[in-house]
Amino acid sequence: MGGLGVRKLAHFNQALLGKWFWRFGQERTSLWRRVIATKYGEGQGGWNTKDCRRAHGCGLWRGINVGWERFSKHLAFVVGDGSRIRFWHDRWVGDFSLKMLYPQLYACSSDKEAFISDLVDHQEDGSSRCWNVRFYRNFHEREFEAAFSFLELIQAQIPRGIGWDRPLWRLNRNGKFDTWSFYHKIRSTTPSYFPWKGIWKVKVPKRVAFFLWTATHGWILTLDNLMLRSLPLANRCCMCCCSAKSVDHLLIHCPVAYYIWVQMLQAFGVQWVMPGSVESLVFC
Ligand SMILES: [Zn+2]
């Protein structure tokens with residue numbers, strides 16, 4: 001949230017679009033999903049389409065798909081029959097994929113792109129199931145420790161092969177996607193370049209802080225902003241009568257404003273080089 005409780009719209013929009021990824025992975029029979037899957041092709045496992053950035057023409061889904069990387073970071077899976085979850089690449093045992101936990105073993109795996117169901121063998125009578133993960137060479141001694149740990153881990157996770165594979169939203173305790181959890185994650189991981197501390201944490205009357213907030217965004221009613229609202233005006237600074245009037249000119253660069261700044265700073269014995277914009281000034 002911003003200082004006035006206004007949501008950052010770009011982030012909120014991204015969070016809302018996450019809903020479409022969530023639905024795409026699950027609503028396999030919906031018409032909208034089938035249309036998109038036919039147009040762009042399904043990605044592995046069918047949780048998303050193939051990468052459609054290079055497709056020709058413009059499409060709504062292509063715009064949405066830009067956010068897939070950010071969304072998929074928070075996705076894990078609950079194994080059902082294992083037919084849609086990739087053994088090495090997807091997160092299905094804890095917070096990391098097996099590829100990340102055991103990179104040295106992944107490197108010598110024979111089935112790097114296999115799905116879980118491809119690597120489970122069944123007894124003929126269906127009574128028991130066991131892993132059949134193959135490697136194209138024997139392990140070196142230095143790899144034994146990792147290999148034992150790997151076998152121990154997957155042995156405890158043999159899928160029962162019942163039901164559908166399901167996505168799990170890691171930002172929510174109940175495992176289901178919700179826009180708010182995604183929005184807060186995006187907000188907390190995106191660095192803020194807005195100098196909110198210099199505006200809202202300073203002990204000044206609220207109306208002064210509000211004016212500064214508006215000026216920093218460049219929204220105060222200077223002539224250039226009024227002209228953007230189609231008002232027929234001649235843009236000339238009313239104080240110096242030469243330059244066009246913009247927020248930065250009015251508050252910093254206008255000779256009249258600059259004179260006031262210099263007088264005030266000198267009174268406090270401060271040597272100062274004025275920055276180029278109001279935003280940079282508030283950061284100082
Ligand atoms: Zn001026």
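Here, each number is a calculation from the coordinates, and none is a lab measurement. All of these numbers come straight from a predicted model, not from anything done at the bench. All Cβ positions, glycine included, derive from the backbone under ideal geometry; neighbour counts span all protein chains shown.
See the values below:
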{"item": "Centre separation in Å (Cα based) which lies between segment 233-271 and segment 179-212", "result": "27"}
{"item": "Whole-Å semi-axes of segment 9-189's equivalent ellipsoid (Cα gyration tensor)", "result": "32, 19, 17"}
{"item": "Ranked list, fewest to most other Cβ atoms within 10 Å of each Cβ, for Thr216, Thr179", "result": "Thr179, Thr216"}
{"item": "Segment Leu16-His217, length gained on full extension (0.36 nm per residue, minus Cα span)", "result": "69.9 nm"}
{"item": "DSSP loop GluC sites (Glu not before Pro) with at most 15 other Cβ within 10 Å: longest gap in the chain", "result": "125-284"}
{"item": "Prolate/oblate/rounded label for segment 196-283 (Cα gyration tensor, a/c 1.5)", "result": "oblate"}
{"item": "Global form of segment 89-181, assessed from the alpha-carbon gyration tensor, a/c cut-off 1.5", "result": "oblate"}
{"item": "Estimated [θ] at 222 nm from DSSP helical runs (n ≥ 4, -39500 (n - 2.57)) normalised by residues in the chain, nearest 500", "result": "-11000 deg cm²/dmol"}
{"item": "Spacing of the two label points (7 Å from each Cα toward its C-beta) at Val66 and His184, in nm", "result": "2.7"}
{"item": "Over 19 Å between alpha carbons, listed pairs Lys50/Lys73; Lys73/Lys185; Lys19/Lys73; Lys19/Lys176; Lys112/Lys176; Lys73/Lys197", "result": "Lys112/Lys176; Lys73/Lys197"}
{"item": "Spin-label pair Ser83/Arg23, simplified geometry with 7 Å Cα→Cβ offset, distance in nm", "result": "2.5"}
{"item": "Label-point separation in nm, Arg173 to Asn132, each point 7 Å along Cα→Cβ", "result": "4.3"}
{"item": "Gain on full stretching of the segment that runs from Ala146 to Trp32 - 0.36 nm per residue minus C-alpha separation", "result": "36.6 nm"}
{"item": "Distance-filtered residues of segment 130-149 - backbone nitrogen under 17 Å, label point 7 angstrom along Ser110 Cα→Cβ", "result": "130-140"}
